[in-house]
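Working notes for the structure below.
The values are calculated or read from the model by the stated rules, or taken from the named source; none is laboratory data. Computed from a prediction, not measured in an experiment: that's the story for all the values here. Positions of Cβ are backbone-derived with ideal geometry, glycine not excepted, and every protein chain shown enters the neighbour counts.
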Amino acid sequence: MNKFKKLIIACDGESASGKSTAAKLISKKYGLLLINSGLFYRYGSKLLIQNKPKNIISFLEKKFKNVSYKSIANKNLHSEEISNHVAQLAKNKRFREIVNRCQKKIIKNNKKICVEGRDIASKILSKNPKYDLAFYFKCNVNIAGYRRWLDLKKKVSLRKVKKALYQRTQIDKKRKNSPLIKVKDAILIRTDKLSKKQVLAKMSKFIEKLN
């Protein structure tokens, strides 16, 4: 499965649409470095919640100056408090620029990479470098909500989880800066209609056609 010397995959999608799981599976199969862009935003939210700085951007610029993705990936960033905070932070244009710089730096040093988020194909990997393949993940909010509810170990009501997911996706789609969109050539993956095995098989089919 390591026949590709260069392979750049973009994975975009709605909240709890299964894109993270799919990105992990495809990265493992093809030996790709996996970058979850959402973790940068979640890390920013965690820092703001903990420190409550007066000047948000100045504070975050210092914190992100020499941050490593590995250190972020090892932190617990999926609390309900962070999830409720991050959608608003992600709307901030100047913070998005900080995160984009971090991601671009990693991407330029890796020819085999899978980047997962909400503006990957439309912004981060739209050019220099451009993705070889783009996938867009979608899942019925009832199914997505139930899965997230289980992930949260039923500590929050199912109704509240569904409402939060719906609101997050609406904010992502309607925000002014880098909104969540499906680019024209992105391949749609419906995780509410496919099992993990079927998702991997569908993605692999398109990747194999590249060679």
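Worth pointing out:
- In region 157-182, residue nearest to Glu14 (Cα to Cα) [restricted to those that are at pLDDT 90 or above and in a loop (DSSP other than H, G, I, E, B)]: Leu180
- The condition (being part of a helix (DSSP H, G or I) and surrounded by 19 or more Cβ atoms within 10 Å (Cβ to Cβ)) is satisfied by just one residue among Lys70, Lys46: Lys46.
- Identity of the residue in region 144-159, basic (Lys, Arg) and surrounded by 14 or more Cβ atoms within 10 Å (Cβ to Cβ), that ends up farthest from Lys196 (Cα to Cα): Arg148
- Annotation note: Cβ proximity below 9 Å between a residue of region 163-176 that is farther than 14 Å from Gly117 by Cα and a residue that is surrounded by 19 or more Cβ atoms within 10 Å (Cβ to Cβ) and acidic (Asp, Glu) (sequence gap 6+ or interchain) occurs for Leu165/Glu14.
- Val115 passes every criterion in (1) in contact (Cβ under 8 Å) with a residue 12 or more places away in the chain; (2) part of a loop (DSSP other than H, G, I, E, B); (3) among the aliphatic types (A, V, I, L, M) apart from (2).
- Residue count for region 193-211, restricted to those that are buried (at least 16 other Cβ atoms within 10 Å of the Cβ) and either assigned to a loop (DSSP other than H, G, I, E, B) or basic (Lys, Arg) (or both): 2
- Candidate set from region 1-43 (those that are assigned to a loop (DSSP other than H, G, I, E, B) and of a type in the set (Gly, Ala, Ser)); member that is surrounded by the fewest Cβ atoms within 10 Å (Cβ to Cβ): Gly31
- Only one of the numbered conditions (1) surrounded by fewer than 14 Cβ atoms within 10 Å (Cβ to Cβ); (2) modelled with pLDDT of 90 or more; (3) on the phi < 0 side of the Ramachandran plot; (4) not aromatic (Phe, Trp, Tyr) is violated by Asn109, and that is (2).
- Selection within region 73-106 - out of contact with any strand residue (DSSP E or B) (no Cβ under 9 Å at 6 or more places or on another chain), surrounded by fewer than 17 Cβ atoms within 10 Å (Cβ to Cβ) and small (Gly, Ala, Ser): Ser79
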